[in-house]
Amino acid sequence: MESTVQYKCPNCGGELRFDPNTQGFACDWCNSLFAYGEIVEDVSEEFSADDVQQEYGGKHDYSDETDVYVCSSCGAEIICDRNTAATFCCYCHNPVSLSGRLSGEFRPETVIPFKIDREKALKIFTERFKKKWFVPRDFLSQSQLETMTGLYVPYWMADCGVQASISGVGKIQMPVVRHGGSAILVKAFSVSREGTMRFDKVPADASRRIDDELIDAIEPFSYSELTDFSMSYLSGFYADKYDVNTDELLPRIKNRLIPASEQMLRKDITGYTTVDIKQRSVRILDINWHYALLPVWFMNYNHRGKTYSYAINGQTGKISGKYPISPLKTAIGALIAAVIAFLAVYIVGVSRL
């Protein structure tokens with residue numbers, strides 16, 4: 001049975017949320033601010049099953065993929081799927097962390113706390129797309145922007161030794177003079193390099209629901225800011241537990257190691273005008289996995305039956321995602337262009353008369 005974790009304001013008793021700006025806690029009820037140590041040191045993160053009521057049967061007979069919790073603030077039921085680690089009450093909107101989701105094998109070792117708050121994330125998003133004239137009218141509407149959600153994404157990070165090799169053709173171009181003219185002499189050589197190296201914290205997201213291309217585009221994170229995991233960092237944000245295991249992620253890790261190891265080996269190939277690598281190989285010698293949560297702001301936009309997803313790195317502010325095109329604005333733009341072209345031709349024609 002799951003338990004909920006909430007941090008109470010010492011001044012007014014309201015729910016606290018983690019504040020990315022101060023890296024402490026903020027109370028939206030009395031506007032109090034608290035340092036991280038002021039709250040966490042006084043709060044035990046061990047909860048018993050009696051701390052929360054979970055109901056089954058009757059009207060609460062949900063599928064095996066759904067859990068029902070009771071908000072300790074207002075008594076409302078919190079419904080979430082089995083991959084949710086932290087959520088908000090749907091009725092009083094107070095942040096609630098579901099500690100049981102992150103216990104045992106699902107408890108992360110480390111976390112990078114959010115450094116960019118919601119206001120700054122919205123500014124990054126609007127600045128990116130406000131000059132895109134062809135986006136739909138409601139793309140930057142208030143109702144759309146309100147859907148932006150802060151999510152701690154589960155990541156597996158690999159520390160591994162690698163034996164890598166590359167081979168290809170190196171070319172040297174030399175100008176020569178022949179028969180009173182100039183030419184370029186090209187000499188080709190077989191080149192190869194191999195070596196053993198080590199990589200730390202090679203990341204891969206561990207959530208099936210997140211598009212890998214979208215999430216990879218907002219990297220890198222600064223791993224110097226990884227800190228020991230605490231449930232307190234989840235207060236005010238969503239979080240997922242991993243649902244992709246390390247065996248499944250191994251091919252993605254290996255694909256990341258190939259260009260990284262090639263880059264290191266190529267540094268030892270010098271003296272050539274061009275180098276064309278034909279073959280690459282990587283063999284992982286040993287690997288240690290670490291489970292971490294990394295901060296990401298997400299937003300989805302539905303347009304003409306298609307969902308457009310956006311991600312903002314909650315630490316650096318790097319954004320990824322493609323914007324939709326409004327057919328109406330496209331048609332208007334084409335019409336304006338046609339009118340301008342017609343007027344230009346007409347003016348030129350008149351000027352020649």
Result of the Cβ filter at 9 Å on segment 194-211, keeping first residues that are over 14 Å from residue 252 (Cα atoms) and partners that are assigned to a loop (DSSP other than H, G, I, E, B), at least 6 apart or interchain, is 195/268; 209/83; 209/243
Test: residue 261 is over 13 Å from the mean Cα position of the chain (by Cα), of a type in the set (S, T, N, Q) and surrounded by 17 or more Cβ atoms within 10 Å (Cβ to Cβ) = yes
The condition of being among the hydrophobic types (A, V, I, L, M, F, W, C), touching a helix residue (DSSP H, G or I) at 6+ places or on another chain (Cβ under 8 Å), modelled with pLDDT under 95 and open to solvent by 10 Å² or more (accessible area, probe 1.4 Å) holds, among 151, 140, only for 140
Selection from segment 268-292 of residues among the β-branched types (Val, Ile, Thr) and in contact with a helix residue (DSSP H, G or I) (Cβ under 6 Å, 6 or more places away or on another chain) yields 282
Sole miss for residue 187 among (1) over 23 Å from residue 258 (Cα atoms); (2) modelled with pLDDT under 90 is condition (2)
Residues in segment 183-208 that are surrounded by 12 or more Cβ atoms within 10 Å (Cβ to Cβ), in a strand (DSSP E or B) and of a type outside the set (Phe, Trp, Tyr) total 12
Counting only residues in segment 231-252 that are farther than 22 Å from residue 318 by Cα and of a type in the set (A, V, I, L, M, F, W, C), the one surrounded by the most Cβ atoms within 10 Å (Cβ to Cβ) is identified as 231
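Matching residues to (1) under 19 Å from residue 118 (Cβ atoms); (2) among the small types (Gly, Ala, Ser):
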position	(1), (2)
147	yes, no
152	yes, no
159	no, no
162	no, no
185	no, no
192	no, yes
196	no, no
203	no, no
216	no, no
Test residue 228 against the criterion of being within 16 Å of residue 293 (Cβ to Cβ) and either exposed (fewer than 14 other Cβ atoms within 10 Å of the Cβ) or among the acidic types (Asp, Glu) (or both), and give yes or no. yes
The residue that is nearest to residue 158 (Cα to Cα), considering only those in segment 233-280 that are among the polar types (S, T, N, Q) and touching a Phe, Trp or Tyr at 6+ places or on another chain (Cβ under 7 Å), is 246
Note on segment 264-306: residues surrounded by fewer than 16 Cβ atoms within 10 Å (Cβ to Cβ) and small (Gly, Ala, Ser) are 271, 281, 305
Within segment 107-137, residues at pLDDT 90 or above, assigned to a loop (DSSP other than H, G, I, E, B) and open to solvent by 80 Å² or more (accessible area, probe 1.4 Å) come out as 109, 115
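The values are calculated or read from the model by the stated rules, or taken from the named source; none is laboratory data. Values in this document were obtained by computation on a predicted structure and should not be read as measured data. Counting neighbours? That spans all protein chains shown, and the Cβs are built from the backbone with ideal geometry, glycine included. In case anyone asks, the SASA skips ligands and DNA or RNA and just uses the protein heavy atoms, side chains included. Shrake-Rupley method; radii C 1.70, N 1.55, O 1.52, S 1.80 Å.
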